[in-house]
Amino acid sequence: MKFAIALVVIIMLVAVVLTLSVAGKSDSDYRNSTKKNIKNLSIIYAVVIILSLFAVGVYFKSFY
């Protein structure tokens with residue numbers, strides 16, 4: 001049991017060290033890629049909403 005607890009503590013310490021080392025590195029192109037991703041997601045959401053409204057309209061026209 002002591003071995004398992006020690007192993008968990010060691011894994012946690014390694015995870016913390018590696019997380020902090022990765023967090024310290026910054027991506028210089030992060031802001032541009034974020035803007036591009038937000039633009040792409042916004043376009044996808046707009047298309048899906050428009051198609052969904054069209055589908056609901058067709059449904060109501062067909063069945064009511």
For the chain, longest principal axis from Cα atoms; helix 2-23 axis from its Cα atoms; angle between them, nearest 10 degrees, is 60
Nearest-0.05 FRET efficiency for Val8 and Asp29 at R0 = 35 Å, using Cβ-Cβ distance, is 0.40
In a Gaussian network model of the chain with springs linking alpha carbons closer than 10 Å, the residue among Ser42, Ser33, Ser21 that fluctuates most is Ser21
Quick calc, segment 1-61, dipole around Cα centre from Cβ unit charges on Lys, Arg (+) and Asp, Glu (-), nearest 20 debye, gives 140
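Here, each number is a calculation from the coordinates, and none is a lab measurement. Here the structure is a predicted model, which is why all the values come from computation and not from measurement. A quick note on method: Cβ atoms are made from the backbone with ideal geometry, for glycine too, and the neighbour counts reach across all protein chains shown.
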